[in-house]
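Read through the structure below, which is laid out as structure tokens, and then see the notes.
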Amino acid sequence: MCLTSPDGFLLCRAYSSERAGDPPMFNVVLVEPEIPPNTGNVGRLCLATRCTLHLVGPLGFSIDDRQLKRAGLDYWDEVDVREWSSLDELRRANASARFFYLTTKATQPYFEVKFRPTDFLVFGRETKGLPERVLEENRENCITIPMHGTRSLNLATAVAIVLFEAVRQQRG
């Protein structure tokens with residue numbers, strides 16, 4: 001549960017074990033992630049928000065990488081992580097789900113989307129983003145984080161921004 005403090009800070013606490021059986025809230029997808037600490041940090045975000053983390057290969061590291069586990073701290077084993085050989089395989093397995101593709105090349109801001117539980121939030125590689133083919137095939141579901149003065153944000157930061165907006169919308 002997250003609350004805003006009188007000082008304007010977001011205060012979150014872990015979900016109690018009685019909520020552990022609840023279905024995942026959202027699905028975070030990292031397509032061909034390259035930097036283990038980013039993936040570890042995204043894993044912690046997923047755990048904190050009851051989301052499933054989907055890793056689409058090929059990965060730029062081993063899932064047993066010590067940097068990945070270090071960034072995920074001792075929580076990594078608790079993260080609901082699923083691995084896929086391709087984005088097409090993931091989409092076929094979840095054909096009725098809504099997918100949103102994060103890219104700096106879109107014009108629709110993420111905060112204009114009305115997210116629903118079980119939506120898939122898809123993020124590309126740290127160095128190249130999502131493949132052009134994916135963006136072209138899904139233009140109507142491409143969203144962006146508006147920013148000024150930089151061409152992109154750190155992957156874990158971008159996931160946190162969009163994911164917490166989606167979670168916020170569910171809490172009213």
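The values are calculated or read from the model by the stated rules, or taken from the named source; none is laboratory data. Treat the numbers as computed from the prediction; the structure is a model and nothing was measured. Cβ placement follows ideal geometry from the backbone for every residue including glycine, while neighbour counts extend to all protein chains displayed.
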*Consider L102 carefully, then state whether it is closer than 17 Å to L53 by Cα, in contact with a Gly (Cβ under 9 Å, 6 or more places away or on another chain) and buried (at least 16 other Cβ atoms within 10 Å of the Cβ).*
yes
*Just give me the residues in region 123-137 being surrounded by 18 or more Cβ atoms within 10 Å (Cβ to Cβ) and over 14 Å from the mean Cα position of the chain (by Cα), in sequence order.*
V134
*Considering region 138-172 alone, what residues qualify as being in a loop (DSSP other than H, G, I, E, B) and surrounded by 12 or more Cβ atoms within 10 Å (Cβ to Cβ)?*
N138, I145, M147, S152, L153, N154
*Which of (1) modelled with pLDDT of 95 or more; (2) within 24 Å of V167 (Cβ to Cβ) does T39 not meet, given it meets every other one?*
(1)
*How many residues does region 83-111 contain that are in contact (Cβ under 8 Å) with a residue 24 or more places away in the chain and closer than 27 Å to R168 by Cβ?*
18
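Quick one: in region 57-76, which of the residues that are of a type in the set (D, E) and out of contact with any helix residue (DSSP H, G or I) (no Cβ under 9 Å at 6 or more places or on another chain) is modelled with the highest pLDDT? I'd like the intermediate steps shown before the answer.
Within region 57-76, the first condition is being of a type in the set (D, E), and the residues that meet it are 64-65, 74.
In the following step, the residues that additionally are out of contact with any helix residue (DSSP H, G or I) (no Cβ under 9 Å at 6 or more places or on another chain) were identified as 64, 74.
Numbers: D64: 76, D74: 71.
Filtering region 57-76 for residues that are of a type in the set (D, E) and out of contact with any helix residue (DSSP H, G or I) (no Cβ under 9 Å at 6 or more places or on another chain), the one modelled with the highest pLDDT comes out as D64.
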*asked:* Tally up the residues in region 45-56 that are farther than 21 Å from R116 by Cα and at pLDDT below 95, please.
replied: 0
*Mind checking which pairs have a first residue in region 56-72 that is within 25 Å of N94 (Cβ to Cβ) and a second that is surrounded by 17 or more Cβ atoms within 10 Å (Cβ to Cβ) and modelled with pLDDT under 70, Cβ under 7 Å, 6 or more apart or different chains?*
F61/L68
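Going by the structure shown, is D88 in a helix (DSSP H, G or I), at pLDDT 95 or above and exposed (fewer than 14 other Cβ atoms within 10 Å of the Cβ)?
Details: in a helix (DSSP H, G or I): yes; at pLDDT 95 or above: yes; exposed (fewer than 14 other Cβ atoms within 10 Å of the Cβ): yes.
Here the answer is yes, as D88 does meet what is asked.
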